[in-house]
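Written out below as structure tokens is the structure these notes cover.
The values are calculated or read from the model by the stated rules, or taken from the named source; none is laboratory data. Quantities reported herein were computed from a predicted structural model and do not represent experimental measurements. Cβ: placed from backbone, ideal geometry, glycine included. Neighbour counts: every protein chain shown. Remember, those area values only see protein heavy atoms, side chains included, never the ligands or the DNA or RNA. Shrake-Rupley method; radii C 1.70, N 1.55, O 1.52, S 1.80 Å.
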Amino acid sequence: MEVLGIDIGGSGIKGAIVDTKTGDLISERHRIPTPQPATPDNIARTIKEIVDHFNWKGKAGSGFPTPLAHGKCLSGSNLHPSLKGVQIDELFKKVSGIDFTVINDADAAALAEINFGAGKNKDGLVAVITLGTGIGSGLFFNGDLIPNTELGHVTYKGEPFENYAADSIRKNEDLSYKKWGKRLDKYFKHIELILSPDLFIIGGGASKKMDRYIDEVKINAPIIPAENKNEAGIIGAAIAAAEGIK
Ligand code: BGC
């Protein structure tokens, strides 16, 4: 099936047409900077621009960087407080005229990895952790998504761990990869203690540079980079729409 997949992030909103049978992008990616402030209306306008760009009339799926339940935003997270309580899938449908499935961005990236990437055919408990502006998570057991986990919000010294160990913190605090790796070591050890996963997959922008920090992360479970890199969010959002995952 061909589906428009969209990945909404803190800095950019990207869309492409995806063949959900193969996980391939079958169009160029179209990227628009995330509007500031990232209010519901501003985001919806950008979504319409992307739908219009592809002149798309079929199904669409979008990843959204906040916790969601059945398409409804539960907290504005790093985007905007006014998003809380908004039924995002309905909003996107209203503005674009087409059906939208909206799931958490890390769940979307994880879906792409389980179906077509580093998590393919991996049984047991697989934790996909995305390192970017925030820390996101997508958890799978025997290939089934356990949706809406927020493992970046496990706390460290009274604050969400993502405020200490996200890739954006490395950039803002100008940390060396070694220093950042030591923070990630604390983070992954903590998550391993809680969940004992069989496998960790690192997603998000930082998955491309794993060799620079991963030696600092001393955990028992294997930890490997995502394969779909920048496209995972787009591909996974399209899969969610094709399979009706909410
Ligand atoms: C949000 C998550 C999101 C993650 C990555 C966190 O701040 O709470 O829902 O998946 O950032 O974007």
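Binning all Cα-Cα separations of segment 192-246 at 10 Å, short to long from zero, yields these whole-percent fractions: 21, 38, 32, 9. Taking every protein chain into account, the accessible area of the chain amounts to 44 square angstrom per residue (probe 1.4 Å). Among LEU199, LEU25, the order of accessible area from largest down is LEU25, LEU199, computed with a 1.4 Å probe on protein heavy atoms.
Taking a ≥ b ≥ c as the square roots of the eigenvalues of the alpha-carbon gyration tensor, the chain is classed prolate because a/c is 1.5 or more and a/b outweighs b/c.
Distance from the Cα centroid of segment 65-95 to that of segment 7-31 is 20 Å (rounded to whole angstrom).
Note on the chain: with neighbouring protein chains present and a 1.4 Å probe, carbon and sulfur make up 48 percent of its accessible heavy-atom surface.
The accessible area of TYR177, taken with all protein chains in place and a 1.4 Å probe, comes to roughly 40 Å². Extension gain, MET1 to LYS218: 0.36 nm times the residue separation minus the Cα-Cα distance gives 74.0 nm. With a 1.4 Å probe rolled over the protein heavy atoms of all chains, the accessible area of SER11, SER75 falls in the order SER11, SER75, largest first.
Each helix, a run of at least 4 DSSP H residues, gives -39500 (n - 2.57); summed and divided by the residues of the chain, these come to -9500 deg cm²/dmol at 222 nm. Rounded, prolate or oblate: which fits segment 61-168 when a ≥ b ≥ c are the square roots of the eigenvalues of the alpha-carbon gyration tensor, with rounded for a/c under 1.5 and prolate only if a/b beats b/c? Oblate.
For LYS94 and ASP19, the FRET efficiency from 1/(1 + (r/R0)^6), where r spans their Cβ atoms and R0 equals 25 Å, is about 0.35. So, counting K/R as plus one and D/E as minus one, what does the shell of residues with Cβ under 14 Å around LYS14 add up to? After counting each charged neighbour, the total is -2.
When the inverse distances between all different Cα atoms of segment 110-207 are averaged and flipped, the Kirkwood radius reads 13.6 angstrom. Taking every alpha-carbon pair under 8 Å whose residues sit at least 6 apart, segment 121-225 reaches a relative contact order of 30 percent.
Applying a threshold of 21 Å to the alpha-carbon distances of LYS72/LYS246; LYS120/LYS208; LYS48/LYS72; LYS57/LYS94; LYS72/LYS171; LYS178/LYS208 flags LYS72/LYS171 as lying beyond it. Between the alpha-carbon centres of segment 182-206 and segment 101-123 there is a gap of 17 Å. For HIS153, the shell of other residues with beta-carbons less than 12 Å away shows a net charge of -3, using +1 for Lys and Arg and -1 for Asp and Glu.
Where does the charge balance sit around ALA118 when Lys and Arg score +1, Asp and Glu -1, over other residues with C-beta under 11 Å from its C-beta? Charge balance in the 11 Å sphere: +1.
Relative to the dominant Cα principal axis of the chain, helix 105-116 is inclined by about 80°.
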